[in-house]
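Report on the following structure.
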Amino acid sequence: MPNCKSFLVTEAERKHVRRRARFQQHRDASCHYFCVCVCVWQDKAPKEIHAILKETLGEQAPLYATIKNWVAQFKRGDFSICDAPRPGRTNTVTTPDNVDQIHDLILEDRRISVKSIAEQLGISRERVGYTIHEDLDMGKLSAKWVPKCLNADQKLQRC
C-alpha cells in the first residue's frame, strides 16, 4: 500500500500526525542528549561517549559530530534542550486560513491557475504552488487540480 495522504483526511489530522512524528524524534534526541550530558559530567571524551552510545544504540546513535557539538555546548554551560531563536522572517503566508482558501478555490474550479489564485489572495505564485503541492498534496492532471493519491471511488467521481 503506498504511503500517501487521503484526499478526505483533514489538514488538522495531517498536522497531528506530523506533530506526533516530530515529538517522537525530539523525545529520542532528548534521551541521547541526557546520556551525553551524564557522560560529560563523568569527564568522558566525545570519542568515548560516541563509542558507548554506538555500542548501546547501534544505528540509532547520534553522529560523532553531533556528540562533539553537544559536549562543547555543555562545557560552555548551556544545558538547554530547545533550539535558540534564529533570525529571519517568519512564515506569515502559509496559514491554515490561506490553505483553506486555496483549497476552496480549487474545489470551486478545478481548472483554476496558480496565477489567478495568487492574484485573488494577494500572495506569491511560488507560495500558492508550494501550498497546493505540499500542504494539499495535489497536482495538475489534464488541466485539472486533483489529489495525488486517489482511491477507486474518487477516481470514478472525477470523470
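The values are calculated or read from the model by the stated rules, or taken from the named source; none is laboratory data. Here the structure is a predicted model, which is why all the values come from computation and not from measurement. Using ideal geometry, Cβ is built from the backbone for each residue, glycine included, and neighbour counts are taken over all protein chains shown.
Overview of values
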item	result
Count of region 40-94 residues which are among the small types (Gly, Ala, Ser) and either in a helix (DSSP H, G or I) or surrounded by 10 or more Cβ atoms within 10 Å (Cβ to Cβ) (or both)	6
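Residues checked against (1) over 16 Å from residue 134 (Cα atoms); (2) modelled with pLDDT of 80 or more:
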| position | (1), (2) |
| --- | --- |
| 5 | no, no |
| 8 | no, no |
| 33 | yes, no |
| 52 | yes, yes |
| 70 | yes, yes |
| 77 | yes, yes |
| 92 | yes, no |
